[in-house]
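The values are calculated or read from the model by the stated rules, or taken from the named source; none is laboratory data. Treat the numbers as computed from the prediction; the structure is a model and nothing was measured. Reconstructed Cβ throughout: ideal geometry from the backbone, glycine too, with neighbour counts over all protein chains shown.
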Amino acid sequence: MARFHNMVQLRYALAIAAASLAVASCGDSRPDTGDEAPDTAATQPTAAMQTATLGPFTYEFDQDALTAADIELRIPPTYEESMPVTKLIPEARAQQLGEQACRYGESGEVSECNARQEIGLALALLPRPIDEYRAAFADEDIGSTDLSPVSLDGADGFAFTAEAEGGGTDYRFYSIENRTILLARRFDGSADDAETDEAMDDVMRSLARSFEEQLEEAG
């Protein structure tokens, strides 16, 4: 009888030990989720992407890096024609708009910061075919040597750069569906300019995808 009693006690002790090991093992395989949640969120940032339209086309921009502003864009080469467009400006510069804190042009005088003269990318859907805009440069004695060919995923065109003292504007005209897309990138060689290069390139790539989709649908 005593032997039977001892065997029961032994089995009971072994059962308790096995249960304890199972609990410990379970705890090792499931660490505290409260400690891991912040790390997981930190390693998976999400960009604040905004979708915008340009006529029948779309493009995206990162709102953490760029701010959209409405401006009047003057069309080269005469700059007499202008139209309302959207311009994407580096966030750091956009925060200064309206303040007396900017220097534009060769004068170096401090003036009110404004979106039209700021660095950034203006996007316009022009009303006429690209040949008419190319002819306008020829009429101003701006020949082919001053214009360079460009292409953006099936949309061909030409580029013209107006530059002075390290700053200026790069104008790119693209022919698409008997209309013309104009992308005007104003630059000044500053740190703000360089830091937004990738964000600007992303805008161009997203617009190119929209071009490609439209061309596929038309074909």
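Listing for the model above:
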| quantity | calculated |
| --- | --- |
| Any chance Thr161 is in a strand (DSSP E or B) and more than 20 Å from Leu66 (Cα to Cα) | yes |
| Flag for Thr58 being surrounded by 14 or more Cβ atoms within 10 Å (Cβ to Cβ), at pLDDT 95 or above, in a strand (DSSP E or B) and not aliphatic (A, V, I, L, M) | yes |
| The lone exception for Ala194 - which of (1) in a strand (DSSP E or B); (2) free of Cβ contacts under 8 Å to residues at least 60 places away in the same chain; (3) within 22 Å of the chain's Cα centre (by Cα); (4) over 17 Å from Thr53 (Cβ atoms) it fails | (1) |
| Selection count, segment 193-204, where residues are surrounded by 14 or more Cβ atoms within 10 Å (Cβ to Cβ) and either over 20 Å from Ala162 (Cα atoms) or among the aliphatic types (A, V, I, L, M) (or both) | 6 |
| Selection from segment 164-191 of residues that are in contact with a Gly (Cβ under 7 Å, 6 or more places away or on another chain) and part of a loop (DSSP other than H, G, I, E, B) | Gly166, Asp188, Gly189 |
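One line per residue, one yes/no per condition, for (1) of a type in the set (Asp, Glu); (2) in contact with a helix residue (DSSP H, G or I) (Cβ under 6 Å, 6 or more places away or on another chain); (3) surrounded by 13 or more Cβ atoms within 10 Å (Cβ to Cβ); (4) within 16 Å of Gly167 (Cβ to Cβ):
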position: Leu73; (1), (2), (3), (4): no, no, yes, no
position: Thr78; (1), (2), (3), (4): no, no, no, no
position: Ile89; (1), (2), (3), (4): no, no, yes, yes
position: Leu97; (1), (2), (3), (4): no, no, yes, no
position: Gly105; (1), (2), (3), (4): no, no, no, yes
position: Asn114; (1), (2), (3), (4): no, no, yes, yes
position: Gln117; (1), (2), (3), (4): no, no, yes, yes
